[in-house]
Amino acid sequence: MIGLHRLEGFYWVARTGGYARAARAFPYPITQPAVHQQVKKLEGELGLALFERVGKDQMQLTAAGARLFRFVAPFFEGLPSVVRAVQSGDSSGTLIVNAAPMFVRHLLPRWLQRLRRSHPEGRVELVELPHADVARLRDGSADLLVDFLPEWPADVATQCVGTLRGFVVLPARHALAKRSRLSLAQLADETFISYPSGGIAHDLQMRTLSEHGIRPRNMLSASTAESILGFVEAELGFSLVAWIGDDGPRWPGIAVLPLHSPKVEFPVMAAWRKDMPEHALLDAALASAPKP
């Protein structure tokens, strides 16, 4: 009979692609040689090679290893949530939700209020993340992810829970702040306040500016929507922000105008692993989710 600890060593090497990385990723302290021994003993029991070395501490699954990984991965990835449910001692269990700061503040409070009314014994752990991290769903660190991605991977199920709409934000004392409609071309020579480069939010801003024929000459960067709004309030420039709701952000010292021609909208999704074990509180959360 194959020992579970040997399958665990195999799983982490397959997931991380190397013995040293597997040892660091283990949920408890273990040495690299110990992980290596687990895999070697498993290969000896099976009489098959499960990995081939393709670089320094870089291992690649063989065909047999890939087949075994497809079988064992759902067990190890689903185990943390099952353990939390067992340890909680109630039928509802614990739900770990990861979400971007904007959704934590403007989407989740009423949603979680509805969930609490239907499942008062359930426990929700809410973690703010600046960027969507699907890997946390896959390794069991999160049960539900609430965010926007241009494309979701095939192993993740999604449900739309909101819509982000694009808005132009200007200092309230700006000469164009009183306009009901505004062409971005009128702001072409002004400082643009962007999200940090390399992220989805920054790419969407730059794409929108490009569609309107604008290439900013001067730029400042801020990491969150709230920071951007603070910069605009301080009259350091203008920006584009995506916001939940039809009216845009309500912030002292700024003017908000909807972005027209082309209209900008992005779906906000609740996402979870398709092969996730049965989770009553997750089902209840999806049932009580906002319906945009």
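The values are calculated or read from the model by the stated rules, or taken from the named source; none is laboratory data. Worth saying up front: this structure is predicted, and the values here are computed from it rather than measured. Using ideal geometry, Cβ is built from the backbone for each residue, glycine included, and neighbour counts are taken over all protein chains shown.
The table that follows gives values for the structure above.
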quantity	calculated
Residue list for the stretch 50-65, filter: surrounded by 12 or more Cβ atoms within 10 Å (Cβ to Cβ) and without any contact (Cβ under 8 Å) to a residue 24 or more places away in the chain	THR62, ALA64
Positions within the stretch 179-217 being exposed (fewer than 11 other Cβ atoms within 10 Å of the Cβ) and farther than 30 Å from TRP152 by Cβ, in sequence order	SER180, ARG181, ALA185, ASP189, GLY213, ARG215, ARG217
Qualifying residue in the stretch 111-123 (condition: of a type outside the set (S, T, N, Q), closer than 30 Å to ARG70 by Cβ and in the same structural domain as LEU282 (by TED's automatic domain parsing))	no
Counted residues, the stretch 117-137 - those being more than 27 Å from PRO150 (Cβ to Cβ) and at pLDDT 90 or above	3
Condition check for PRO252: outside the structural domain of ALA99 (by TED's automatic domain parsing) and closer than 30 Å to GLU77 by Cβ	no
Residue match in the stretch 191-201 (condition: under 25 Å from VAL97 (Cβ atoms) and part of a helix (DSSP H, G or I))	yes
Number of the exception - LEU149 against (1) outside the structural domain of GLY248 (by TED's automatic domain parsing); (2) under 23 Å from ILE214 (Cα atoms)	(2)
Flag if SER221 is at pLDDT below 85 and either outside the structural domain of HIS131 (by TED's automatic domain parsing) or closer than 21 Å to VAL268 by Cβ (or both)	no
Output for the stretch 129-157, where each listed residue is surrounded by 14 or more Cβ atoms within 10 Å (Cβ to Cβ) and either on the phi > 0 side of the Ramachandran plot or not in a loop (DSSP other than H, G, I, E, B) (or both)	ARG136, LEU137, ARG138, GLY140, LEU144, LEU145, VAL146, ASP147, VAL156, ALA157
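A quick yes/no check of all residues on (1) over 28 Å from ALA289 (Cα atoms); (2) assigned by TED's automatic domain parsing to the domain that holds ASP275; (3) assigned to a loop (DSSP other than H, G, I, E, B); (4) at pLDDT 90 or above:
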site	(1), (2), (3), (4)
ARG181	yes, no, yes, no
ILE214	yes, no, yes, no
ARG217	yes, no, yes, no
LEU236	yes, no, yes, yes
SER239	yes, no, no, yes
HIS260	yes, no, yes, no
